[in-house]
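One structure is given here, and the rest of the page talks about it.
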Amino acid sequence: METKTATSQQPLSIKEKIGYALGDGAANIAWRGVATFLFIFYTDVFGIETAVVGLLMLVARSSDGISDVLMGIVGDRTKSKYGKFRPWILWTAIPLGAILALLFTTPDLSNEGKIIYAYVTYFLFTLIYTANNIPYGALMAVMTSDDKERTSIGSFRMVGAFTGGMLVQGALLYLVATFGDVNPTVHLEQKTADSYLVTVSAPHDVPNANIKTENGIANFKWEDANVEDQESSPTKSFLMEADFEYTFYVTGEENLTEESFSIINQKKGYSTSIYIMSIFLSLFMFITFLTTKERVTPPKTQKTDLGKDLQDLIHNRPWIILLVIGLLFNIYNSIKQGIVVIYFTHYLHNQLLAASYMVALTLASIGGAMITAPLGKKLGKKKLFIFALIFSAFFNALLIFCRAEDTTAIFTLGIISEFASAIFPTLFFAMLGDAADYSEFQNNRRATGLVYSAGSFATKFGSGIAGAIIGFVLSAYHYNGLDHTTIVGAIPGIKMLMSWIPSVVAIVAALLMMLYPLNDKVLQKINIELNKRRQLEKSNSTEDQFEEVL
């Protein structure tokens, strides 16, 4: 049987760890795709106001506390030949891919209709993600009872997560440019070495046109604007009528030709690209289901008692602290992810460079995840968590001093900060397993799914709060992604969201982590005691079976 406690201390195979990691790769195609691109998609492509989007994300996430706890309860009580948690990965693989595709679909609706559609699809996304992600997270705790092996699984998991994130963050904008290309007619008149007068037209209406050069470093200004007036920067996203000629100046890039320009239908580009990503998401989930096993089971004497499980949970001090810390570091990471494309689009005037930036950060994240296990063994999870929070926040805050042309500095600070921030989720999910062990140690009861509901709640509600913060800050600066005249005035808010605002949240999390009670010495004591209990339970079970035979 695949739930035998006897193998719960054995090292897991590389195949199983990679298979498990692919599940978070799939989840992050959805989660990082939503965290990074949905806000700008809603405001700059779908045409919903920033404050409305911020409120939507906050309201949707506010319901997650209830749904996450309920899913944890359901997971703990699921009985199937595949275990408690693996079946949910199978059952939600296709629905999660489908709802992600619907999130980035743009039906032709009124403004009120768009808001209703966004609310319905976003709420469904959070519910399906919950049904998938809480069992997925809890699965790590029942694959092995060895806390060091869990840290190793956590490192594999985060490598998978960041690889999935890199897939969507690095490729999506290029896929949007490819699938959304409308084959425009371009006429080019060179004025100086790096200044051109460009006239473009499209063969059909483009509901959300985005004009780019091949290298993506040129600046665009409408023909009737003062070329030297930086505040007259034109929109790069607008309704383009068929066969109508649009004329603008392009500066800052040499050796341009007609072939250097492209016009992107962002609605079509986003939808087609996300549909493809959704297929990979479902495929990876199936692989995770097929390659993993559950080995750790609750004590055989444990009776189903929801009231007792909830009572144990609210008295589980390590879990309470992890819940708040998880919420805070997810707000930190989600603000950074949610503002990147807006920052590069409207501050650096180079949207495609955002893809390179996110790939660079993801590679740094993979490095941070891989080094977490050895650093955790040397420093302990608690100390490493605190150091990583402070280190990442410090370098991220320095981004406030970067000018638009300081590309090297922006990349350097972002990479250093992201290397440390990758340590947070790697440790967090391993520490939730420790909190489940602590509850079993204290109460002789285990509710792994309920404990891991903290992970999903922190991720989703933290992202919702981050979205609200982004929306409210940009709204305070009167940002409107479809009105270029509001964008320049919102640059100070965009810079703050990219730098010190999330850093303050990380510092608060570091201070709170100092209260976390499970150090390595305590965990070793818990692990020894639980192994004794399980061996005794196994021995008693064997004796009972022998007596039945006699």
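The values are calculated or read from the model by the stated rules, or taken from the named source; none is laboratory data. Every value quoted in this text rests on a predicted model; they were computed, and no experiment measured them. Heads up, the Cβs are rebuilt from the backbone with ideal geometry, glycines too, and the neighbour counts pull from every protein chain shown.
Of all the numbered requirements in (1) at pLDDT 80 or above; (2) surrounded by 18 or more Cβ atoms within 10 Å (Cβ to Cβ); (3) of a type outside the set (Phe, Trp, Tyr), GLY455 misses one, and that requirement is (1). Looking across GLY376, GLY414, GLY326, one residue alone is assigned by TED's automatic domain parsing to the domain that holds THR459, crowded, with 22+ Cβ neighbours inside 10 Å and closer than 30 Å to GLU214 by Cβ. It is GLY414.
Look at region 12-29: where a residue is of a type in the set (Lys, Arg) and a partner is crowded, with 24+ Cβ neighbours inside 10 Å, sitting 6+ places away or on another chain with Cβ atoms under 7 Å, you get LYS17/ILE153; LYS17/PHE156. Among the residues in region 345-367, are any buried (at least 23 other Cβ atoms within 10 Å of the Cβ), modelled with pLDDT of 90 or more and either closer than 18 Å to ALA35 by Cα or not polar (S, T, N, Q) (or both)? Yes; the residues of region 345-367 include at least one that is buried (at least 23 other Cβ atoms within 10 Å of the Cβ), modelled with pLDDT of 90 or more and either closer than 18 Å to ALA35 by Cα or not polar (S, T, N, Q) (or both).
Listed here are the residues, each with its yes/no results for (1) within 28 Å of THR50 (Cβ to Cβ); (2) in a helix (DSSP H, G or I).
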{"site": "THR92", "(1), (2)": "no, yes"}
{"site": "THR105", "(1), (2)": "yes, no"}
{"site": "ILE115", "(1), (2)": "yes, yes"}
{"site": "LEU127", "(1), (2)": "yes, yes"}
{"site": "GLY160", "(1), (2)": "no, yes"}
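Listed conditions (1) more than 16 Å from GLU418 (Cα to Cα); (2) surrounded by fewer than 17 Cβ atoms within 10 Å (Cβ to Cβ) are all met by ILE321, apart from (2).
Can we say ALA409 is free of Cβ contacts under 8 Å to residues at least 40 places away in the same chain, of a type in the set (Gly, Ala, Ser) and surrounded by 24 or more Cβ atoms within 10 Å (Cβ to Cβ)? Against the criterion (free of Cβ contacts under 8 Å to residues at least 40 places away in the same chain, of a type in the set (Gly, Ala, Ser) and surrounded by 24 or more Cβ atoms within 10 Å (Cβ to Cβ)), ALA409 does not qualify. Taking the conditions exactly as written (assigned to a helix (DSSP H, G or I), under 22 Å from the mean Cα position of the chain (by Cα) and over 18 Å from PRO318 (Cβ atoms)), does ILE386 satisfy them or not? In short, no. For LEU450, the requirement of being in a helix (DSSP H, G or I), modelled with pLDDT under 85 and of a type in the set (A, V, I, L, M) is met.
Yes/no per residue for (1) buried (at least 20 other Cβ atoms within 10 Å of the Cβ); (2) at pLDDT 80 or above; (3) assigned to a helix (DSSP H, G or I); (4) not assigned by TED's automatic domain parsing to the domain that holds ASN443:
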{"position": "THR486", "(1), (2), (3), (4)": "no, no, yes, no"}
{"position": "GLY493", "(1), (2), (3), (4)": "yes, yes, yes, no"}
{"position": "VAL504", "(1), (2), (3), (4)": "no, yes, yes, no"}
{"position": "ILE507", "(1), (2), (3), (4)": "no, yes, yes, no"}
{"position": "LYS521", "(1), (2), (3), (4)": "no, yes, yes, no"}
{"position": "LYS525", "(1), (2), (3), (4)": "no, yes, yes, no"}
{"position": "GLU543", "(1), (2), (3), (4)": "no, no, yes, yes"}
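Would you say ALA404 is crowded, with 23+ Cβ neighbours inside 10 Å and aliphatic (A, V, I, L, M)? In short, no.
Among residues of region 125-136 that are closer than 11 Å to MET71 by Cβ and at pLDDT 90 or above, those with a beta-carbon under 7 Å from a residue that is surrounded by fewer than 24 Cβ atoms within 10 Å (Cβ to Cβ) and of a type in the set (Val, Ile, Thr) at least six positions away or on a different chain give the pairs ILE128/THR92; ILE128/ILE99; ALA131/THR92; ASN132/THR92.
Summed over region 147-178, the residues that are among the aromatic types (Phe, Trp, Tyr) and more than 15 Å from ILE14 (Cα to Cα) give a count of 2.
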